[in-house]
């Protein structure tokens, strides 16, 4: 037995003596530190699972078990009481192997500076520097958006220049021509006009758009009565700008007055695969805050969602009436009961499937994909598509390394296959491979696909130590075809004991991707736009690659047949000639001496080839140019 598991028999014996009642268990290491806190409906059943066969556990759980020296437990009267106690102990001890979100949100302020012309901006800290501050605010999203919107509406500089130092010292930037800056840098705005705009902008931020519109409307009417039409027009433009911002905000609005939307997107490759939890927070039916957290890739998504929601609200002082998530949550009813106890009113947990709420969830997933892509240095659209495809196919993680296969032939002749690879959602041409079907002649797409996949698998066992090319197994195999192709390949994966997800790509009557075929049925792609685009791209690429190889192979075969029809030229000499001259046209233009110089050719054979392409010259008794 491995040294790291030498404690398992002792720990399992202790676990089997636990009662079948609710409670909390605390895993401890050799230093008596608490490394994991969990709850159970039946302590004996739950804790004993850790110390049974390690083959059933994921990597994270196995690592935790390796470090367990002992465990303690606390009995509870109910599972809900166990959950409350579990949350308290996690908050108190911050165990290493529990999923914990780091709250680096802090407070945010709007800083108003007085060194020269007044200016304001969003900041994270309040300093004793003589500036004025508005706040604190708990979310950076609302503060930053409010400042940006106010500066654009009231045409205040966003470039960071200092005035009056930079007054009238340059040409206006693009913002001036977009109507979003009054261009004091070009002398187009006085200090008095700038000060008035700052006052109105701050009132807009503090009081909101409604009061701001009312105040500006009153001032516009007064200016019109005094026949100050230019001033009235400027005020009218500001009112319209505020209304335009409000219209944009309505695009990101919801019918629910208050709710938080959670989405978890992952990228399952590398030594430490990562995931991103994105949170959109809605109040008064509008998006008012956005957060994201980067974490290690969870092994069990329903359990992870439970732990993430619990961890998130352990560090927040407000729980909305509705919590929307992008998938199943372990013990959702129990978690909702705990959230209700925190909020002092009923809280529901929902998994939106359609309509407005589903659109908000997709927006949240897109945000998470973009943040994760930025963290990993990848394309946001590729990350989102892979995550969507992985979810659609029920994979444990997004497929970062995909292999796709297609067969091409002409009525059973010149059978070939193409293999393309997509890595991180993009073509990885370095790993593309071509196959000539060798096991039989005639038309048999299923047999051809089986031969190609078996040859590929055997190459894996030969080269697996390299970890590259054929030495690497894919996260997903996509075959161009349906159930027949899948049935031809599945026995091979079972034969060689390879656990690789296998699906087919089905086309409609117009040769466009329609669905994903799986063992026993099909999965529609129409509702998953990003996944549909990715699969369509893969199918088009593998078809292009396979048919390109087929055409090339057919052309070479036709050229070779042209040459082998000449006396003294067999397949080997035909191949040698094509290797040297590339085309039949170049062979026809070669002299007899150049033909004879090709390795494997004889003088009589060269004379036959020359005569075949120069019949008139040969018949007239002309001599070749030596």
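The values are calculated or read from the model by the stated rules, or taken from the named source; none is laboratory data. Note that the structure is predicted; figures quoted are calculated from it, not measured. Neighbour counts are summed over all protein chains in view; Cβ atoms, including those assigned to glycine, are modelled from backbone coordinates with ideal geometry.
Structure data summary
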{"read-out": "Test for residue 503: is it in contact with a helix residue (DSSP H, G or I) (Cβ under 7 Å, 6 or more places away or on another chain) and either assigned by TED's automatic domain parsing to the domain that holds residue 273 or touching a residue at least 40 places away in the same chain (Cβ under 8 Å) (or both)", "value": "yes"}
{"read-out": "Cβ-Cβ under 6 Å pairs, at least 6 apart or on other chains, region 402-423 side assigned by TED's automatic domain parsing to the domain that holds residue 485, far side part of a loop (DSSP other than H, G, I, E, B) and at pLDDT below 90", "value": "412/442; 412/443; 415/437"}
{"read-out": "Listing of strands (runs of 3 or more DSSP E) fully contained in region 86-198 that carry 3 or more residues being surrounded by fewer than 16 Cβ atoms within 10 Å (Cβ to Cβ)", "value": "132-137"}
{"read-out": "Residue count for region 441-467, restricted to those that are over 20 Å from residue 494 (Cβ atoms), touching a residue at least 12 places away in the same chain (Cβ under 8 Å) and either out of contact with any strand residue (DSSP E or B) (no Cβ under 9 Å at 6 or more places or on another chain) or loosely packed, with under 15 Cβ neighbours inside 10 Å (or both)", "value": "3"}
{"read-out": "Answer from 383, 391 - the residue that is touching a strand residue (DSSP E or B) at 6+ places or on another chain (Cβ under 7 Å) and within 22 Å of residue 370 (Cβ to Cβ)", "value": "383"}
{"read-out": "Subset of region 352-372 [free of Cβ contacts under 8 Å to residues at least 12 places away in the same chain and buried (at least 17 other Cβ atoms within 10 Å of the Cβ)]", "value": "362"}
{"read-out": "Qualifying residue in region 481-493 (condition: under 24 Å from residue 392 (Cβ atoms) and in a loop (DSSP other than H, G, I, E, B))", "value": "yes"}
{"read-out": "Counted residues, region 25-72 - those being surrounded by fewer than 16 Cβ atoms within 10 Å (Cβ to Cβ), part of a strand (DSSP E or B) and touching a helix residue (DSSP H, G or I) at 6+ places or on another chain (Cβ under 8 Å)", "value": "1"}
{"read-out": "Of all residues making up region 585-594, the number that are buried (at least 17 other Cβ atoms within 10 Å of the Cβ) and assigned to a helix (DSSP H, G or I)", "value": "3"}
{"read-out": "Test result for residue 243, under 29 Å from residue 116 (Cα atoms) and either modelled with pLDDT under 85 or surrounded by 14 or more Cβ atoms within 10 Å (Cβ to Cβ) (or both)", "value": "no"}
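Table: residues versus (1) modelled with pLDDT under 85; (2) outside any helix (DSSP H, G or I); (3) under 56 Å from the mean Cα position of the chain (by Cα).
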| site | (1), (2), (3) |
| --- | --- |
| 515 | yes, yes, yes |
| 535 | no, no, yes |
| 542 | no, no, yes |
| 550 | yes, no, yes |
| 562 | yes, no, yes |
